[in-house]
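Rule-based calculations on the coordinates, nothing more; no lab input. All values derive from a computational prediction rather than experimental measurement. As a convention, Cβ positions derive from the backbone with ideal geometry for all residues, glycine included, and neighbour counts pool all protein chains shown.
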């Protein structure tokens, strides 16, 4: 029961406060550790494809197990000191593992650049903060599309998947997942630098997000009416297009979102100056518009609340029936 209430508290702290700039964040520390280990391993191992793959594997193992062990140790010491301290540590890290408000704020920044400031250049810079593709040449429609896609994908990566792992293993497992996701965001690129070194990080992130992404897509389908969409159409597009991505997970929530909003997402994109022909997701029933950013945020929040309710209910039922 303690963990269920800690998750509830962490969720609402994220909903209200997001990630205050003044508060040290574990993901920042994890990111620094990843960068430090990368430098060490690149110097220590041969600069060959095999050596880089090995270095990536070593980094992934060290960071994932290290974060889990450190968090587990702190939780153990906190519980030894006092149960209230243990609960507070769990609630704090549950809060920091979630990113609903931060995702909404970054997306709204793009919307304001487009609709309030009427500055495409500023909108391109704003969307560059939350996507991995090249944004310098994006048209207005491309900026909107990229923003909606990242809201859909990061609902899974930044909200549901952390909730999923928090419910299973508390803050240590939740933070271990955040470490995996952070490694993928830093190393999991098919660029010349990370084609081999980042392979293990990308594969582990795919594995960790495999089940959560599919459940998250179902939640987005269920809340489609909150954005004026159709559950039936969201389900249809998800069933048809959920594999239209190089990642086994990204198109799951993108397809559900595209179907719920009645728009077309994905398609050709540029990464690190290289053009990629990617399949489309959804039907171009109408042109995508900035208001779709607001609709995607509504979907994300509605699905997040539904996720929280079901995760907490399942957690409580497990305790009661055990």
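For this structure, a couple of remarks:
- Cα centroid separation, segment 66-89 to segment 230-287 (Å): 41
- Value at 222 nm in deg cm²/dmol, rounded to 500, when DSSP H runs of n ≥ 4 in the chain each add -39,500 (n - 2.57): -24500 deg cm²/dmol
- Neighbour-count ranking [beta-carbon atoms within 10 angstrom, fewest first] of 226, 160, 12: 12, 226, 160
- Cα gyration tensor shape for segment 168-322, rounded if a/c is under 1.5, else prolate or oblate: oblate
- Modelled label reach - residue 61, point 7 Å along Cα→Cβ, segment 21-53 residues with backbone N closer than 14 Å: 53
- When you work out D = kT/(6 pi eta Rh) for segment 2-321 at 10 °C and 1.306 mPa s, using the Kirkwood radius from C-alpha pairs as Rh and the Stokes-Einstein form, the result is 78 µm²/s.
- For 150, 253, order by how many other beta-carbon atoms lie within 10 Å, fewest first: 150, 253
- Calculated on alpha-carbon atoms, Rg and Dmax of segment 123-199 in Å: 14.9, 43
- Comparing Cα centroids, segment 90-153 and segment 290-322 end up 21 angstrom apart.
- Cβ-based exposure ranking for 30, 281, in which fewest neighbours within 10 Å come first: 30, 281
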